[in-house]
Every structure is written in structure tokens, then in C-alpha cells.
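Participant: The structure follows.
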Amino acid sequence: GSERLLNDAGLRRVTDWIGYVRLSLSIWAGNKNPTQRHVIKLLRIQFMAHLYFDTETYSEVDLKSAGTPRYAESPTTEITIAQWAVDDGEVVVEDLTGRQPPSAALQSLLADDEVTLVIHNSAFDRAVGRHVWGIELPTERIQDTMVIAMLHGLPGGLDKLGQILGLPQDQQKDRRGAQLIQLFCKPRPKNHKLRRATRETHPSEWAEFLEYARQDIVTMRALYARLPSGNTALEHSLWCLDQRINDRGFLVDTELAEAAVKARRRAKANLASRVQELTDDAVRSATQRDQLLQFVLKEYQIEDLRASTIRTALESGDMPPDVRELLDIRLKAGRNTVGKYQALLRAVSSDGRLRNTLQFSGATRTARWSGRVFQPQNLMRPNMKAHEIEQAIEMLKHGAEQWLYPDTTNVIGNAVRGSIVAAPGKKLCIADLANIEGRGLAWLADEKWKLQAFRDYDAGIGSDLYQVAYARSFGIKPADATGEKRQIGKTMELALGYAGGVNAFLTFAAVYRTDLNAMAANVLATADETTIRDARSMMEWAKKQDRLLGLAEDTYVACEILKSNWR
């Protein structure tokens with residue numbers, strides 16, 4: 001300690017500590033609420049010793065498909081290298097071949113509450129540390145460089161960050177790393193006699209791997225110095241909560257998932273059999289695009305087999321019945337409704353819970369969460385009623401879904417939300433923010449009537465804002481904007497803010513199954529001549545730019561009218 005105080009950095013450190021103590025005492029004396037306590041923790045982190053830490057691992061489990069928790073708990077997973085450095089000190093690389101434990105020095109640093117941990121993608125190192133070493137790394141002590149970068153609109157990869165932030169070449173991530181990881185972190189391909197590469201089988205490459213591990217710490221340390229200052233107290237507290245949510249995960253109905261996968265196989269076989277019947281064995285399955293297109297062209301002119309093209313063709317109503325059925329089968333065969341279940345089964349932990357499905361600040365432009373592995377934020381919107389879905393789940397589990405449901409793919413898609421279940425003795429509760437996009441936009445635009453409309457609705461004395469949106473556009477009372485009309489209002493509210501136009505309206509209309517052609521007739525019947533004229537002018541421009549989006553001209557005009565009226 002005395003040696004450290006002799007240099008300028010040490011003297012600055014003492015000065016910083018004095019300032020920190022003064023500030024923390026003044027805050028603590030004012031109010032002891034949790035946020036202020038977290039501020040003090042973060043201030044303290046800035047002046048504590050920093051341990052830059054990373055690991056390299058080996059496992060027979062595929063990390064990309066299985067996800068971190070399933071990977072970490074596998075008995076085949078081991079930590080082969082641990083690399084670390086304290087502050088600006090030399091990088092230490094520990095070769096842990098043969099499942100050796102980490103050094104006493106590293107264990108002491110990891111356990112020391114007075115040491116700040118700087119880790120890139122700490123969720124991975126926390127998981128493998130917990131399962132392989134039995135060491136728990138508290139999130140409150142961690143500064144995650146990947147999370148800090150993403151929170152500031154930057155990519156999460158060390159290599160990309162090094163380039164963007166202009167690190168010198170000797171501080172950049174080693175580009176040979178991907179090849180070395182492929183060699184030492186995964187089993188060798190099945191056609192190789194050697195099933196695993198080690199330091200004994202590939203000594204020169206192993207030496208390169210150790211250097212790669214050392215360089216990762218150099219890069220991480222340089223990035224931490226150049227990144228914008230770490231998370232604010234609120235953001236860091238929120239990230240800690242996010243990690244607790246991800247660590248806990250949620251219970252899943254694996255019986256349903258397995259039943260859905262089997263049902264999809266049965267449905268696929270039945271659809272292929274029907275395609276063969278309809279084409280007299282000229283086409284073996286609906287997924288044979290070129291053969292199917294060639295067959296359809298004999299009976300009916302269609303440009304391609306994209307889903308949007310097929311739907312437009314089916315709506316025309318002037319095609320032979322066999323062709324209509326073939327195209328309908330093509331749509332059903334193209335739905336990947338079983339993908340969610342497969343992802344769930346690959347990644348679920350041994351205790352039946354699915355973890356690490358949310359990425360904090362994963363949407364880099366908005367800092368919203370994004371989904372991982374199972375993508376729980378992007379589940380099919382049900383088109384069946386709750387009691388019907390309950391019945392369908394039972395039929396799926398008994399392998400009898402085809403007795404009641406001719407469209408098995410639709411049933412499988414509707415049932416996917418049912419794969420998230422409450423643990424025994426627990427209750428599954430769901431919360432959502434009511435029209436948060438609309439509230440945020442009204443506040444940003446200072447649209448006072450609308451802010452008041454939200455206040456009235458929340459107080460129970462005003463109309464639903466989706467009904468209000470429709471009513472103001474069509475000149476009716478909000479109370480009369482029910483059913484399909486409210487759905488149109490909802491589509492307007494969700495699609496037309498934040499620069500959304502006709503294209504966004506079309507996207508949301510598909511999600512909420514809005515009949516655009518029927519809607520167009522109502523819009524054109526009630527809109528004034530000036531608004532219609534302006535909308536047709538926009539339609540003509542879009543037509544010249546080939547941007548009608550597959551809509552009929554009147555339907556495009558109607559969407560344009562709704563857009564301009566809403567704005």
C-alpha cells in the first residue's frame with residue numbers, strides 16, 4: 001500500500017476517496033432511499049480496485065442453439081483458461097487444463113467485495129462460474145462492457161467495438177480467435193478420428209490460444225477506458241434486476257413442446273401426401289418450390305410463391321379448386337409454428353425452467369429489451385379463444401389434434417403461449433403498460449387534448465383511446481367505435497406514430513387482421529373531397545415509385561387518408 005501511494009495515480013486515488021466520502025456522507029445524510037444507496041455503490045465502484053476477468057471454456061453442448069444456462073450446467077462443460085488483470089497490472093493467463101481450480105489469488109479477488117469486476121458479457125461467465133467452480137459473482141459488483149456499449153447504441157462484440165472506438169492495433173481483439181475457439185472449445189467434427197483438440201495434441205495452436213486469451217483482457221481494459229462512463233445508478237439497478245429475472249427464468253411445459261413437435265411432423269406428412277394426390281405425384285411436398293410453381297403455372301398464372309403473393313391470389317377467387325388447395329397447403333407448410341417449441345426444448349434447463357431469454361438493451365437504437373433463444377417477446381397472436389386453446393393443448397398432448405382441427409399448424413401456433421406456465425403452488429400473472437407508445441408520443445408532441453384524454457380514461461371517466469382514434473377519423477361517437485372499428489383505431493394508434501405511414505399501417509393491419517378493403521369503402525364514403533384528392537396524389541406518386549405495397553389503389557388512398565387525418 002505504501003508503495004502505491006508514492007506515485008501520482010496513488011495520490012489521485014486518495015484525493016478521489018476523500019471526495020467520494022464527502023459526497024456519500026452528504027447524500028446519505030439527506031435520504032436513505034434505495035436509489036441513493038445505489039448511487040453510493042456506483043461511486044464506490046469507480047474508486048475500488050478493478051479486476052478485468054474472462055474465461056475460455058470447452059463443452060460438447062452447442063452454445064448457440066442451447067443457450068448459456070443449458071451450456072453451463074452440462075457435465076461436459078469446463079473452464080480451460082482464466083485470464084485476468086487488476087487495474088493496469090500485468091495480464092495473468094491461467095491454463096486450467098484437466099479441470100484444475102483457479103489460483104488462490106484469483107479466487108480471493110473474485111470473492112472480495114471491495115473489488116469491482118469488469119467483464120464482457122458477464123451473464124456467460126457468471127453462469128459457468130456458478131456451475132463449474134461453484135462461485136457466485138454478484139451483479140452489483142459487475143461493470144459489463146457489453147451492456148455499457150449496447151446501452152449507448154454501440155454493438156456488443158469486442159472486435160467491432162475495438163474498431164469503432166479506434167483502439168490501436170495492439171489493443172484490438174485477435175482476429176485469429178474465432179479459429180482457435182472452433183478448435184479448442186468444441187468437439188472435433190464427427191468424421192475426425194481426434195474427438196478433441198488439447199494443448200497436448202496441438203501445442204503450438206494452444207500457445208496462440210493463451211495469447212488470444214491475454215489479448216482479450218487488453219482489449220476489454222482499453223474499451224472500458226474509452227466507453228462512455230458506466231451505467232447510471234438507475235440503469236445499473238435495472239440491469240441487476242434484469243439479471244435476476246434471467247437467472248430465475250420461467251417454468252415451461254415441455255410435454256406440450258414435445259407434443260407440438262410430433263404434431264407438426266404428422267401434419268407435414270399429411271400435407272405432403274395431399275400434395276402428391278393433387279399433383280398426381282408430380283410434386284412430392286409443398287416445400288418443393290420450383291416443382292410446385294411449375295405445376296401451378298399450368299393451371300393458373302402466379303408470379304412466385306411468396307406468402308403475400310399467395311394470399312393475394314387466394315383472395316381473387318377465380319382459380320381452379322385444386323390450385324387453391326395447393327396454394328393453401330403451401331401457406332400452411334411454410335409456417336414455422338414449431339420453431340419456438342424446438343428452441344425451447346434445446347435450451348430448457350434440467351429443472352424445467354428456461355433462462356436468459358431477455359437481452360438488456362438488446363435493441364441498440366431504443367435500448368429496449370430484445371429476445372434470445374425462445375424469443376418470448378415475439379409469440380403468435382392467438383386467433384382462437386382461450387377455452388379453445390386449452391382444449392387444443394389437451395388434444396395435442398394426446399396426439400389427437402387432427403380429429404378436431406384440420407389446420408394443425410394454426411393450432412400449434414395458438415398453443416405456444418401455453419408453454420409458459422406457473423410453477424406448482426404459484427400463480428402466473430401478466431402485466432402490460434397500456435398504450436405506452438401513444439402516451440409517450442402525445443407527451444413528446446405536447447398534444448394537450450390527448451394527454452387529457454388519457455387522464456380521463458385512467459380516471460374511468462373517458463373513452464378508450466383506440467375508440468377515440470377511430471371516432472375522430474370517421475366523425476362518430478367513441479362509444480360507437482366497437483369491435484372491428486376499435487381494431488382499426490388500434491392499428492392507427494400503434495402504426496402511425498413515430499413516422500409510421502401506409503407501410504406501417506399495412507404491417508399492423510396484418511397483425512390485427514383488419515379487412516382493409518372493407519375499411520377503404522367506409523373511409524372513402526366519409527372523407528371530404530380535399531382529403532381524398534391529396535391522398536390520391538400521394539397514391540399516384542407511390543404508384544410511379546412502385547410502392548403500392550400490393551394494395552388496390554382505393555385501399556392505398558384510404559390508408560393515406562387515415563394517416564393524414566390521424567396526424
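The values are calculated or read from the model by the stated rules, or taken from the named source; none is laboratory data. Model, not experiment: these values are computed from the prediction. Virtual Cβ from ideal backbone geometry, glycine too; neighbours counted across all protein chains shown. The area values use the complete protein model at the heavy-atom level, side chains included, leaving out ligands, DNA and RNA. Shrake-Rupley method; radii C 1.70, N 1.55, O 1.52, S 1.80 Å.
Participant: Probe radius 1.4 Å, ligands and nucleic acids ignored: give me the carbon and sulfur share of the accessible area of segment 141-194 as a rounded percent.
Facilitator: Ligands and nucleic acids excluded, carbon and sulfur reach 52 percent.
Participant: Still on this structure, please answer the following. Using a 1.4 angstrom probe on the protein heavy atoms only, could you order Arg265, Arg536, Arg226 from most to least accessible area?
Facilitator: Listed by decreasing accessible area, they come as Arg265, Arg226, Arg536.
Participant: What list of ³J(HN,Hα) values in whole Hz, one per residue of segment 342-358 in order, does the Karplus curve 6.51 cos²θ - 1.76 cosθ + 1.60 (θ = phi - 60°) give from phi, with Gly and Pro shown as x?
Facilitator: Taking θ as phi minus 60°, the curve returns 5, 4, 4, 5, 5, 9, 5, 6, 5, 8, x, 9, 9, 10, 6, 9, 10 Hz for segment 342-358.
Participant: If you don't mind, there's one more thing I want to ask. Just give me a number: lysine pairs in segment 402-506, eight or more positions apart or cross-chain, with C-alpha atoms less than 24 Å apart.
Facilitator: 7
Participant: Could you work out Rg/(2.2 N^0.38 Å) for segment 130-246, with Rg from alpha carbons only?
Facilitator: 1.30
Participant: Within the accessible area of segment 212-264, what % is carbon and sulfur when the probe is 1.4 Å and the other protein chains stay in place?
Facilitator: The value for segment 212-264 is 54 percent carbon and sulfur by accessible area.
Participant: Spelling out what I want: for every residue of segment 246-262, take phi, set θ = phi - 60°, compute 6.51 cos²θ - 1.76 cosθ + 1.60 (Karplus), and round to whole Hz; glycine and proline get x.
Facilitator: Per-residue couplings from phi come out as 5, 5, 6, x, 9, 6, 10, 8, 5, 4, 5, 4, 5, 5, 5, 4, 5 Hz.
Participant: Rolling a 1.4 angstrom probe over the protein chains, ignoring ligands and nucleic acids, what is the accessible area of Arg455 in square angstrom, nearest 10?
Facilitator: 130 Å²
Participant: Using a 1.4 angstrom probe and counting only protein chains, how large is the accessible area of Asp88 in Å², to 10?
Facilitator: Accessible surface of Asp88 is approximately 140 Å².
Participant: Let me ask something additional. Put +1 on the Cβ of each Lys and Arg and -1 on the Cβ of each Asp and Glu in segment 337-416; which of Asn414, Val338, Val373 then has its Cα farthest toward the positive end of the dipole?
Facilitator: Final value for the positive-end residue is Val373.
Participant: Follow-up. Averaged over every viewing direction, what's the projected area of the C-alpha convex hull for segment 436-567? Give it in nm², one decimal, please.
Facilitator: In nm², the orientation-averaged hull projection of segment 436-567 is 7.9.
Participant: Any idea of Glu540's accessible area? Nearest 10 Å², probe 1.4 Å.
Facilitator: 80 Å²
Participant: Next up: What number does segment 442-506 give for Rg over Rh if you use C-alpha atoms and the Kirkwood radius?
Facilitator: On the Cα set of segment 442-506, Rg over Rh gives 0.98.
Participant: A further question on this structure: Could you report segment 451-567's accessible area per residue, 1.4 Å probe, as an integer in Å²?
Facilitator: Each residue of segment 451-567 exposes 53 Å² on average to a 1.4 Å probe.
Participant: Sorted by accessible area (1.4 Å probe), largest first, how do Arg330, Arg381, Arg175, Arg365 line up?
Facilitator: Descending accessible area places them as Arg365, Arg175, Arg381, Arg330.
Participant: Where the accessible area of segment 479-548 is counted over protein heavy atoms with a 1.4 Å probe, how much of it, in %, is carbon and sulfur?
Facilitator: Ligands and nucleic acids excluded, carbon and sulfur give 51 percent.
Participant: How are the Cα pair distances of segment 60-186 distributed, in percent, across 5 Å bins from 0?
Facilitator: All Cα pairs, binned at 5 Å, distribute as 2, 9, 15, 22, 23, 18, 9, 2, 0 percent.
Participant: Can you work out the accessible area per residue across segment 140-213, with the rest of the protein chains kept in place, probe 1.4 Å, in square angstrom?
Facilitator: Computed with neighbouring chains in place, this is 54 Å² per residue.
Participant: Divide the volume of the convex hull of the Cα atoms of segment 195-268 by its number of residues and quote the answer in cubic angstrom per residue.
Facilitator: Cα convex hull per residue, to the nearest whole number: 248 Å³.
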